[in-house]
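These notes concern the structure reproduced below.
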Amino acid sequence: QIFRVYPLISYNSENIALIGNSMTETKRKLKVFLCHASQDKPVVREVYQLLLAEGWIDPWLDEEKLLPGQDWRLEIPNSVRESDVVIIFMSDNSINKRGYVQKELKFALDVALEQPDGSIFIIPFRLDNCIVPTTLMKWQ
C-alpha cells in the first residue's frame with residue numbers, strides 16, 4: 001500500500017521524508033500506537049478495526065500485537081518508539097487511573113519530545129468530557 005505525506009505533516013522516520021512542499025510516497029504502512037486505559041478497550045477496539053480497514057495504517061493494540069510469551073513491559077515501549085504516530089485516548093478512566101497507563105502516557109510524551117519541531121506524533125482523542133491533563137494541552 002502507498003500513503004502520501006503532505007506538507008503539513010512530517011514524520012521522523014527513515015522510510016518517510018518530507019522535502020519542502022513536495023509530497024513523497026512510501027510503501028511502508030503508517031505505524032499508529034493506541035495508548036489507552038483497559039476500561040476503554042471496547043471503543044479502542046472499534047478504532048483499531050477502522051484504522052486497520054484503511055489498508056495503509058498499521059495500528060498497534062496490545063491484545064492484537066502482543067504474542068504469547070512476550071514481555072509487554074519491553075514490547076510496549078519498543079512499539080511506541082517505532083511508531084509514526086501515537087493516539088492517546090483520553091477519558092475519565094485513563095486520566096484518573098493509576099498504574100501502567102500513566103507510565104505509557106509519560107513514555108509517549110517523552111518520545112514526542114525527541115521529534116522534530118512541527119511534526120505530528122501525538123494525537124489526543126477524547127472519549128468523554130474528561131479534563132485534559134496539562135501535559136497534553138499543547139496538542140489540542
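Would you say R45 is farther than 22 Å from I120 by Cβ, open to solvent by 80 Å² or more (accessible area, probe 1.4 Å) and either of a type in the set (F, W, Y) or free of Cβ contacts under 8 Å to residues at least 12 places away in the same chain (or both)? No.
Note on segment 75-112: residues that are open to solvent by less than 70 Å² (accessible area, probe 1.4 Å) and farther than 27 Å from C130 by Cα total 1. Return a yes/no flag: does segment 61-74 have any residue that is surrounded by 15 or more Cβ atoms within 10 Å (Cβ to Cβ), at negative phi and modelled with pLDDT of 90 or more. Scanning segment 61-74, I find at least one residue that is surrounded by 15 or more Cβ atoms within 10 Å (Cβ to Cβ), at negative phi and modelled with pLDDT of 90 or more, so the answer is yes.
The values are calculated or read from the model by the stated rules, or taken from the named source; none is laboratory data. Just so it is clear, the structure is predicted and the values come from calculations on it, not from any experiment. Virtual Cβ from ideal backbone geometry, glycine too; neighbours counted across all protein chains shown. The protein model used for the area step is the full one, side chains on, heavy atoms only, and it has no ligands, DNA or RNA in it. Shrake-Rupley method; radii C 1.70, N 1.55, O 1.52, S 1.80 Å.
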